[in-house]
Amino acid sequence: MTSVHDLIRGAAQRETETREVRATGPSRTAQVPGHRRPIKLASTGVSSCDTQLADDPWGIDRAPGYGPGASAADTIAGDAPRQGPLPARYTDASDAELHDWITAAKQTLGDRVRILGHFYQRDEVVQYADFVGDSFMLAQAAKDSPEAEAFVFCGVHFMAETADILSSDDQAVILPNLAAGCSMADMATIDQVEDCWRELTAALGEAAAGTGEPGALQPVIPVTYMNSSADIKAFCGRNGGIVCTSSNARTVLEWAFARGQRVVFFPDQHLGRNTAKAMGVTEDEMPLWRPHLARGGNTEAQLRDAKVILWNGFCSVHKRFTVDQITKARADYPGVKVIVHPECPAQVVEAADGAGSTEYIRKAVEAAKPGDVLAIGTEVNLVNRLQQQRPDLTVFCLDPVICPCSTMYRIHPAYLAWTLEALVAGETPNRITVAADVSRDASVALERMLAAKP
């Protein structure tokens, strides 16, 4: 299957050719099925993706911001990690050389090192993974692999932190490229969350202690999505809260409502809103907390009347999906089944035929009948892989502007080869280590999450 990297390079070439043709005269372009449409680039004015996303990541991962692509417009945290330069041996290597080095190192390391690959990771990296899944599944895989000495986590920073918390102290978790972050996770810092908690306590009462009466509900329960820093997971653990995933968010909210009058949910407003709406919570009961405003921009009355207080965060990839895209998919492919991720805006989730986690989407495609057409609203690497696995289906991404997760995309085979060869040499590069006190409190919230089975 053609990789996103190749698609982007091809789109850039086609765009150049199109400009040349226009300079010499008009031409007629054949219509192409939606799942094979070329990528539209930033120069057309319709996309935040641009040709620089096709560049090798070591050329861009130390630049300010998250880099080109879907996260380009987000505000990056000042303390976000940056990756040092790779030796020229790796940046100058051919694809074949990198493949040989990776497979040789894997053979040498054997079961001592396990490679974990996220669903959204590029195919050139996923092919080497010992286990592929979403962030929850990969963290669980780390916990369930006591024989491994190290995990090479081909995902993003918060996932590696979670794996470090859930694995044993003598197991190392390594992120091949430290610049592989998550813009959503960085939209809520621990300082902002603690400021929010102080303001909520002032408006609603002492949340951590409650009333002290048997069976009394706390004024507010903190819930954080897996896509958050270890510090925020630890905050939830200290304050009677919990972590959730996209697959168990409803179960987690039920857990929280059994213990509190309301929930503060961060950092993804859309997962919180979509989950709560499905449980009967109204829009008026879900005020948005904007961390740079007093009381998040709300009145005390709004906070007291709230059931779910939503943090103003989002996924840059999933916010791109629109109702218009769904309408067009239905017009182009009568009978199409539209499935989206719950990080999409509420109106998109409501217009779709189904919404759920990456594993939910994968299973929906797996269960489809030959000849079915499915339009998917999630990251394009997963969509392309699902189409490859089911050639008897038509599977395409709802968004015609193909934008992969620009930070996860920074895990390149060159970084993987460098990491594995360092491990063979007895070195442990880019180890992700969570401080003991943070790990202790975060593990409390994570263990509650693991027990909250949907």
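Where a number appears in this text, it was derived from the coordinates with a stated rule and is not lab data. What you see is a predicted model; the values in this text were computed from it and never measured. No Cβ is skipped: glycine too gets one built from the backbone with ideal geometry, and neighbour counts run over all protein chains shown.
A few points about this structure:
- Once backbone amide H atoms are built at 1.01 Å from N, Y225 has C244, F266, D268 as its partners under 5 Å, excluding neighbours fewer than 5 places away on the same chain.
- What the phi angles of region 357-365 give under the Karplus curve with 6.51, -1.76 and 1.60, with θ = phi - 60°, is a coupling list of 5, 4, 5, 4, 5, 4, 5, 5, 5 Hz, glycine and proline written as x.
- As a length-normalised measure over Cα pairs under 8 Å and 6 or more apart, the relative contact order of region 186-315 settles at 26 percent.
- Environment charge of K307, counting only residues whose C-beta is closer than 10 Å and scoring Lys/Arg +1, Asp/Glu -1: -2
- Shape class for region 186-315: rounded, because the ratio a/c of the largest to smallest gyration tensor axis (alpha-carbon atoms, square roots of eigenvalues) is under 1.5.
- Computed over region 318-397, relative contact order equals 29 percent, with contacts defined as Cα pairs under 8 Å that lie 6+ residues apart.
- Those lysines that a straight Cα-Cα span of less than 16 Å connects to K328, excepting residues fewer than 8 apart in one chain: K337
- Potential extension, E350-D100 segment - 0.36 nm per residue separation minus Cα distance: 85.3 nm
- Whole-Hz Karplus values for region 284-295 come out as 5, 8, 10, x, 8, 9, 9, x, 9, 10, 4, 6 Hz, taken residue by residue from phi with 6.51 cos²θ - 1.76 cosθ + 1.60 and θ = phi - 60°; glycine and proline positions read x.
- Reach of K369 by Cα under 17 Å, taken over aspartates and glutamates that are not fewer than 8 positions away in the same chain: D353, D392
- Taking 13 Å as the straight-line reach from the Cα of K143, the aspartates and glutamates in range (excluding those fewer than 8 positions away in the same chain) are E161, D164, D169, D170, E447.
- Karplus (6.51, -1.76, 1.60) ³J(HN,Hα), θ = phi - 60°, over region 186-199, in Hz, Gly and Pro reported as x: 6, 6, 10, 9, 5, 5, 5, 5, 5, 4, 4, 5, 5, 5
- Close amide H contacts of L374 (hydrogens built in the peptide plane, cut-off under 5 Å, sequence separation of 5 or more or a different chain): K337, T394, V395, F396.
- Close amide-amide hydrogen proximity is noted between V173 and F151, I432, each under 5 Å apart and 5 or more residues distant or on a separate chain (H modeled in the peptide plane; Pro and chain starts excluded).
- Ordering of 266-277, 142-153 by packing [mean C-beta count within 10 Å, highest first]: 266-277, 142-153
- Per-peptide packing, taken as the mean over residues of other Cβ atoms within 10 Å, places 379-387, 82-90 in the sequence 379-387, 82-90 from highest down.
- Highest average packing first - 227-236, 255-264, Cβ atoms within 10 Å: 227-236, 255-264
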